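Only one structure is covered here, and it is reproduced in the block below.
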Amino acid sequence: DAKTTQPNSMESNEEEPVHLPCNHSTISGTDYIHWYRQLPSQGPEYVIHGLTSNVNNRMASLAIAEDRKSSTLILHRATLRDAAVYYCILRAPPQFQGAQKLVFGQGTRLTINP
Amino acid sequence: EPEVTQTPSHQVTQMGQEVILRCVPISNHLYFYWYRQILGQKVEFLVSFYNNEISEKSEIFDDQFSVERPDGSNFTLKIRSTKLEDSAMYFCASRLGLATDTQYFGPGTRLTVL
């Protein structure tokens, strides 16, 4: 998997939007951008993924730069329950990578203040 | 919503003993994984399993480790002779199939080797 760079930690307040950045300057044209998060004492959890266009789901939004060298995970109204480590992971298209493992970096530890 | 389950939630064992960690993946999923996370460190891939055989394994997954899908529902990780450094959270994950890339993680088993 191509390398991603994320800040070690970020802090935000409850009910405010949070923008979590990820740089992936060596992304290939076919790599998908995936986000997972790990709540305290739990297993990783899928959040969202995208290729080129911005994506929205019930958990978050993913904004992808036009050159695809960076992306931002957006939590529109953070709650205390969103405090977690967030991982940005690049993935080859699923049909070309078989059972390929997820490679986790250190991620961004998000703290939400009440 | 279907989920991956793991048992036990916490296993304490003596060094040199064998342990079996159990996972029940989501029922129609075809790809299965084990990851581990030593306290304070990154989530690390151990092994992937598809079509009743190992498709990839990491350097960590040495001869002391084995995986098995003994029936249509369980997926197990066996450590034959545990070492102190095997103490970690072990996460099982499953994935639906080739066309989708989302991995669903279980809550983990905390293994403590004394």
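The values are calculated or read from the model by the stated rules, or taken from the named source; none is laboratory data. Keep in mind it's a predicted model, so treat the numbers as computed, not measured. Every residue, glycine as well, gets a Cβ built from its backbone with ideal geometry; the counts of neighbours run over all protein chains shown. SASA here: full protein model, heavy atoms, side chains in, ligands and nucleic acids out. Shrake-Rupley method; radii C 1.70, N 1.55, O 1.52, S 1.80 Å.
Each row is one residue, and each column tells you yes or no for (1) without any contact (Cβ under 8 Å) to a residue 40 or more places away in the chain; (2) of a type in the set (S, T, Y); (3) under 19 Å from B:Q103 (Cβ atoms).
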{"residue": "B:I20", "(1), (2), (3)": "no, no, no"}
{"residue": "B:P25", "(1), (2), (3)": "no, no, yes"}
{"residue": "B:K42", "(1), (2), (3)": "yes, no, yes"}
{"residue": "B:S48", "(1), (2), (3)": "yes, yes, yes"}
{"residue": "B:S66", "(1), (2), (3)": "yes, yes, no"}
{"residue": "B:S73", "(1), (2), (3)": "no, yes, yes"}
{"residue": "B:I79", "(1), (2), (3)": "no, no, no"}
{"residue": "B:T82", "(1), (2), (3)": "no, yes, no"}
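Scanning the stretch B:19-28 turns up no residue that is within 10 Å of chain A (Cβ to nearest Cβ) and closer than 25 Å to A:G105 by Cα. Within the span defined as the stretch B:53-64, one or more residues are within 14 Å of another protein chain (Cβ to nearest Cβ), more than 23 Å from A:F104 (Cβ to Cβ), part of a strand (DSSP E or B) and open to solvent by 30 Å² or more (accessible area, probe 1.4 Å). Listed by position, the strands (runs of 3 or more DSSP E) contained in the stretch B:68-114 that have at least 2 residues being of a type outside the set (S, T, Y) and either in contact with a Pro (Cβ under 8 Å, 6 or more places away or on another chain) or within 11 Å of chain A (Cβ to nearest Cβ) (or both) are B:88-95, B:103-105.
Taken over the stretch B:11-46, residues that are surrounded by fewer than 11 Cβ atoms within 10 Å (Cβ to Cβ) and either of a type outside the set (S, T, N, Q) or touching a helix residue (DSSP H, G or I) at 6+ places or on another chain (Cβ under 7 Å) (or both) amount to 3.
Yes/no per residue for (1) touching a residue at least 24 places away in the same chain (Cβ under 8 Å); (2) under 27 Å from A:G98 (Cβ atoms); (3) within 14 Å of chain B (Cβ to nearest Cβ); (4) among the hydroxyl-bearing types (S, T, Y):
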| site | (1), (2), (3), (4) |
| --- | --- |
| A:T4 | yes, yes, yes, yes |
| A:E16 | yes, no, no, no |
| A:S28 | yes, yes, no, yes |
| A:S41 | no, no, yes, yes |
| A:H49 | yes, yes, yes, no |
| A:D67 | no, no, no, no |
| A:L73 | yes, yes, no, no |
| A:R77 | yes, no, no, no |
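Beta carbons closer than 6 Å, at least 6 apart along the sequence or on distinct chains, never pair a first residue in the stretch A:95-106 that is more than 7 Å from chain B (Cβ to nearest Cβ) and modelled with pLDDT under 90 with a second that is assigned to a loop (DSSP other than H, G, I, E, B) and open to solvent by 30 Å² or more (accessible area, probe 1.4 Å).
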